[in-house]
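Visitor: My questions all concern the structure below.
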């Protein structure tokens, strides 16, 4: 492993040997339907609460990822996961049956990149032979915790985003075929806070964190945006994405041709009335663990940057008038041929 600035470059890149996504009904009506592994048409997943439903999303995603990797839970050294709910209840309840050492993580919507980066670090360092990264969100559980219960019928602001009901899981391993997707490096983010206080405008709060992390990685790695097939953020939505492109352009970095955002990919934004697009831990997790990793495996993509963003606030901090600190973690993934 080589450390350059904020970036860890892996000399023995861990391989992605399995991945899976599980989503809900609304997500199945979006552009990525054919790429999801599991689709639940019942929002409750036949559970007694939305929180239990979200836990089941994680269980389903991990089970399918392990099956695709042809591994058993006993083959996994660590499982790293997180969600948006208090005390990470979706992860702890959803993953308890696997009997795998568990590291609970909170990075808000950046958790998929955080868990994947740390899983890769464990494998590259030799601390683990195989590890699982997983994250989830559920529209109904998030609304209940952060906004209003659904029966309140509150009107969403134009800058609001729709929390994805979904989960994604990745199995990372030291071993695997050379042509499998590989994690080449990680840039962990710093907390950025430019004073945004509007909880209905997460894109604006998170864009500066994404810009900081992307700029740091490009500087540390000595690369430029055109070296990559895709620079994928999640989940800035339409407003945050345009702000990110402008922030970087003002610093002499043009990512406009390579950039896309998970929050814009998962829904037909106007047709499905999601305002600024998708959000939530499950947004970037389910997009990465469906179309993106499949395209890497099939060599339709060869060299990408995956940057998940998170707003590190809580209902209490917002009610106390605090601003919204944000963070973004970057994962450099290749098809195995770069």
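Visitor: Tell me, please, whether a residue that is surrounded by fewer than 20 Cβ atoms within 10 Å (Cβ to Cβ), part of a loop (DSSP other than H, G, I, E, B) and in the same structural domain as residue 141 (by TED's automatic domain parsing) can be found in the range 49-60.
Guide: Yes, that holds for at least one residue.
Visitor: Is it the case that residue 119 is under 12 Å from the mean Cα position of the chain (by Cα) and outside any loop (DSSP other than H, G, I, E, B)?
Guide: no
Visitor: Name the single residue that is surrounded by the fewest Cβ atoms within 10 Å (Cβ to Cβ) among those in the range 26-48 being assigned to a loop (DSSP other than H, G, I, E, B) and touching a helix residue (DSSP H, G or I) at 6+ places or on another chain (Cβ under 6 Å).
Guide: Restricting to residues being assigned to a loop (DSSP other than H, G, I, E, B) and touching a helix residue (DSSP H, G or I) at 6+ places or on another chain (Cβ under 6 Å), the top hit is 41.
Visitor: Any idea which residue in the range 1-16 is surrounded by the most Cβ atoms within 10 Å (Cβ to Cβ), counting only those that are assigned to a strand (DSSP E or B) and touching a residue at least 12 places away in the same chain (Cβ under 8 Å)?
Guide: Checked the range 1-16; the qualifying residue surrounded by the most Cβ atoms within 10 Å (Cβ to Cβ) is 16.
Visitor: Next question. Give just the number: which of (1) assigned to a helix (DSSP H, G or I); (2) modelled with pLDDT under 95; (3) under 16 Å from the mean Cα position of the chain (by Cα) does residue 239 not satisfy?
Guide: Evaluating residue 239 over (1) assigned to a helix (DSSP H, G or I); (2) modelled with pLDDT under 95; (3) under 16 Å from the mean Cα position of the chain (by Cα) leaves (3) as the failure.
Visitor: Please determine whether any residue of the range 315-328 is surrounded by fewer than 19 Cβ atoms within 10 Å (Cβ to Cβ), within 17 Å of residue 186 (Cβ to Cβ) and either touching a strand residue (DSSP E or B) at 6+ places or on another chain (Cβ under 7 Å) or outside the structural domain of residue 192 (by TED's automatic domain parsing) (or both).
Guide: The answer is no, given that none of the residues of the range 315-328 is surrounded by fewer than 19 Cβ atoms within 10 Å (Cβ to Cβ), within 17 Å of residue 186 (Cβ to Cβ) and either touching a strand residue (DSSP E or B) at 6+ places or on another chain (Cβ under 7 Å) or outside the structural domain of residue 192 (by TED's automatic domain parsing) (or both).
Visitor: Here's a follow-up. Please give the number of the condition residue 202 fails out of (1) modelled with pLDDT under 90; (2) surrounded by fewer than 24 Cβ atoms within 10 Å (Cβ to Cβ).
Guide: Result: residue 202 passes all but (2).
Visitor: Look through 110, 97, 90 and report the one residue that is farther than 23 Å from residue 210 by Cα and buried (at least 20 other Cβ atoms within 10 Å of the Cβ).
Guide: Checking each option against the conditions leaves just 90.
Visitor: Within the range 285-310, how many residues are crowded, with 21+ Cβ neighbours inside 10 Å and more than 21 Å from residue 69 (Cα to Cα)?
Guide: So the answer is 7.
The values are calculated or read from the model by the stated rules, or taken from the named source; none is laboratory data. The shown structure was predicted, so the numbers you read here are calculated from the model rather than taken from an experiment. A quick note on method: Cβ atoms are made from the backbone with ideal geometry, for glycine too, and the neighbour counts reach across all protein chains shown.
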